[in-house]
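Read through the structure below, which is laid out as structure tokens, and then see the notes.
Coordinate-derived values only; no laboratory data. Please read all numbers here as calculations on a predicted model, not as lab measurements. As a convention, Cβ positions derive from the backbone with ideal geometry for all residues, glycine included, and neighbour counts pool all protein chains shown.
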Amino acid sequence: MTFRLATSRAGNFRSDRSVSRTIAARFAASLRWPLFAAVVLFASIARGIEPENVVVVINGDSEASRRVAHAYAIARRIPDRNLIRLDGVPDAESITVAEFRDKILAPLFAEIESRGLAPQVEVIAYSADFPTAIDIRQDLAQVPDVPKIVTPVGSINGLTVMYQPVMEGVPGYVSFDANWYCALTTDESLAKAPRGELGPKWNAALASAARNDHAAAADAFVAISRDAEIHVPAELHAAREFAAGGRPNDAIAALRRAIGKGFRDRGWLDDQEVFRELRESASWKELVTELPRDFLGDRPTYPFRSRTHWSAAGLPIGERGDGRRYLLSIVLAVTRGRGTTVEQAIEGLERAAASDGTRPSGPVIYTLTSDVRTKTRQPAFEAAVAALEELGIEGRIVERALPDQVADIAGLTIGAATFDFPASGSSLAPGAIAENLTSFGGVMKADAGQTPLSALLVAGAAGSSGTVTEPYAIQPKFPHPFVHVHYARGLTMVEAFHRSLAAPYQLLIVGDPLCRPWRREPDLRIAEVPAGERGLAFEFAGVDARTARVEMHLDGRLVEQWPAAGRLLLPSDRLAGFRNLTLIAVADDEAGTPVRLERELPSDPQSTPTIALEALPGRPETVVVRSPEGDSIELRSFGEKVAVAEGSEARFAIGAELPDRRPMRLVAVVRRGDREISSETLIIR
């Protein structure tokens, strides 16, 4: 079943309401790269999500939120600039959508803009102690006769993904195909009719095709594709009708247009009998060389980019057209109600971070019982298992509520109201996604009934999910079984969840967004080479360097990008005043795999202050800062001032001059007149 609310042409959310529209529009417009000439060259190369792309949101009134966020920032090297503290967050598990807009989204987006992060942000990760459930009855009141299955509670991360319609108060975000980043098969995309006034034209074209009036059908589909520039299915329908009607050149032209709009599924073309006679032509052979031979077209995997528009067919269409754009979102931890302890949350996030690139050897398991909770997703189990096997990963369909005595499970999809995972004798591999389809798995208030998602996190999952209210057994509201396939193809956890989630508005997702156990190591290397006093120089080598691009981040902020070719020289004056340099070289592969080089930049190489932790028996731990000269010293932890002292040397006893708020990521900033000189970073856990 598909539930949709009215949208404007080509699928943009329609609104007659102006509340928060300005904020949403301004923020959406700012989600673009800095205006460097090189950007245009690489518009088609997306990459996996990196620490610089994640904004971690902290509840300023919660010690648990601070501890979880700071521990995660250390584990994942999230830049200080990306840690945003919000004050005045409602102290409740559930708030209204108006409160969510005014007290969370609006101030968050304003702060992202003020810090210059909008061009690079891909993920909003909420730390602990944020409301997880959002009452959306105010927005749904605009819709007459809302179906019973559209229940009026959304999740904090689901509504953040749909930030544009949410900020505008447009209830289209509850549609069962609201997320156009979600992957579809080519055959599923062919059923995606354009919205609004083009719908009747689409139906008329299908009717002509059913009557074998190939000429009328082909011309009608071409006309639709011109009106809806993003509409790949219209081009594919047109190509089939042209071929059936004996117009091979027009069929090839339609397929070329589809490729230009993101189509890559060579396997689908090979399966279409209507193209049989075309396959011997020179035009066809030239056409298919543009498509990758190893493209897995069942449900294609694409890395996410917030600036990219996505078509209704789940395909990226660049930074143009009438597609939809999103942010991805996740909750790092829930530590109240039915959540974990703070210690369990931190341990789980650190365990997940350590799993990157480990390529788990255990199976991915789908459980199947007579319960509707498993049968809802059963139709896709066999296809998912086959796709996993193509990757060399074992997939199993187990006819019981939980796998029995299976070690190091790499991924788990179950459906049960209650369960006791430790009693199964099974274990989860580090980095595993383990999720359950049931009504109240994401309801985190105490005594909510059913087993919460936190049970799988405690069992060792790097990420899990559950709905925040009764969702009914509607598959689009839960991760598609291909969540494990996208993950195994190299996406980060947050990408894999959203690439398989058509209707994200009610699903609470908790875990490490950057977890990437199947990370591929491309043939791409960055090496620093001598440059003398001119600055810093780097060389890029390896097969993948020929098609890669390089991003430069200074103090966590994206400032420029170039092709990864030959040698890169960064003049000293270009780096002056910054503490940290990060180069990210991005391979042009299915998951957009990046390679990183990080380097601290001394503010003044001749007189950089030193910072160290002194631990002497019988005395409190002390942070010692020394500088050749200086007027004052300021200690900053995660970018915030935590202690000050006069002079060029100082001792800060932890628990006295320096509050003991571990974990701490300290930098000493020495002031000399109007200059500031920073030390290296000292981490205290």
Where the centre of each part is set by its Cα atoms, how far does the stretch 360-394 sit from the stretch 326-349, in angstrom? 26
Show the residues, 5+ positions off or on another chain, whose built amide H is closer than 5 Å to the amide H of R672. D631, I677
From the Cα gyration tensor of the stretch 422-508, with a ≥ b ≥ c the square roots of its eigenvalues, which class applies: rounded if a/c is under 1.5, or else prolate if a/b is larger than b/c, or else oblate? oblate
Quick check: the distance between the Cα centres of the stretch 219-251 and the stretch 77-102, to the nearest angstrom? 47
Sorted by chain and then number, the residues having a modelled amide H within less than 5 Å of the amide H of V642, at least 5 places away or on another chain, are L635, R636, S637
About the Cα centre, charge dipole magnitude for the stretch 186-288 (Lys/Arg +1, Asp/Glu -1 at Cβ), debye: 180
Roughly speaking, what is the stretch gain from A98 to V274, that is 0.36 nm per residue apart minus the C-alpha to C-alpha distance, in nm to one decimal? 58.1 nm
Any GluC sites (Glu not before Pro) in the stretch 121-208 that lie in a DSSP loop and have at most 16 other Cβ atoms within 10 Å would be E197
If we count other beta carbons within 10 Å of each Cβ, what is the order of R626, R534, fewest first? R534, R626
Sequence-distant residues sharing a close amide H with L327 (under 5 Å, placed H): Y163
The chain, dipole about Cα centre (Lys/Arg Cβ +1, Asp/Glu Cβ -1), debye to the nearest 20: 840
Karplus couplings for the stretch 357-372 from phi (6.51 cos²θ - 1.76 cosθ + 1.60, θ = phi - 60°), rounded to Hz, Gly and Pro as x? x, 7, 6, x, 9, x, x, 9, 10, 10, 8, 9, 9, 7, 5, 4
Once the dipole of the stretch 186-288 is set up from charges on Cβ (+1 Lys and Arg, -1 Asp and Glu), the residue from the list A191, G262, N249 lying farthest towards its positive end is G262
Using the Cα centre of the stretch 561-685 as origin and beta-carbon charges of +1 (Lys, Arg) and -1 (Asp, Glu), tell me which of G618, L570, S678 is placed farthest towards the positive end of the dipole. G618
Considering only DSSP states other than H, G, I, E and B, which trypsin sites (Lys or Arg not before Pro) in the stretch 319-376 qualify as loop sites with at most 13 other Cβ atoms within 10 Å? R320
Exactly which GluC sites (Glu not before Pro) in the stretch 591-665 are in a DSSP loop and have at most 16 other Cβ atoms within 10 Å? E621, E629
So if I average 1/r over every pair of distinct C-alpha atoms in the stretch 264-399 and take the inverse, what Kirkwood radius in Å does that give? 19.7
Using the Cα centre of the stretch 304-439 as the reference point, and only Cβ charges (+1 on K/R, -1 on D/E), how large is the resulting charge dipole? Debye, rounded to the nearest 20. 620
Please turn the phi angles of the stretch 163-168 into ³J(HN,Hα) values with the Karplus equation 6.51 cos²θ - 1.76 cosθ + 1.60 (θ = phi - 60°), one per residue in order, whole Hz, x for glycine and proline. 4, 5, x, 5, 5, 8
Compute the Rg/Rh shape ratio of the chain: radius of gyration over Kirkwood radius, all on alpha-carbon atoms. 0.99
Net charge near E63: determine it from the other residues with C-beta under 10 Å of the C-beta of E63, scoring Lys and Arg +1 and Asp and Glu -1. +1
What distance in nm separates the simple spin-label points at R359 and R596, each placed 7 Å from Cα in the Cβ direction? 2.1
In nm, to one decimal, how far is the E399 label point from the A612 one, both placed 7 Å along Cα→Cβ? 6.8
By the gyration tensor of its Cα atoms, with a ≥ b ≥ c the square roots of the eigenvalues, what is the shape of the stretch 160-213: rounded for a/c under 1.5, prolate for a/b over b/c, or oblate? oblate
What are the ³J(HN,Hα) values, in whole Hz, obtained from phi via the Karplus relation 6.51 cos²θ - 1.76 cosθ + 1.60 with θ = phi - 60°, for each residue of the stretch 636-644 in sequence order, with x given for Gly and Pro? 10, 10, 6, x, 10, 5, 10, 6, 9
Counting other beta carbons within 10 Å of each residue's own, what order do W310, W562 fall into, fewest first? W562, W310
Between the modelled labels at E389 and D145 (7 Å from Cα along Cα→Cβ) the distance in nm is 4.6
With the dipole of the chain defined by +1 on each Lys or Arg Cβ and -1 on each Asp or Glu Cβ, the option from A668, P504, T132 whose Cα lies farthest towards the positive pole is P504
Where the centre of each part is set by its Cα atoms, how far does the stretch 398-430 sit from the stretch 165-218, in angstrom? 38
Helical mean residue ellipticity (222 nm; -39500 (n - 2.57) per DSSP H run of 4+; nearest 500) of the chain: -7000 deg cm²/dmol
When S500, S306 are ranked with the fewest other C-beta atoms within 10 Å first, the list becomes S306, S500
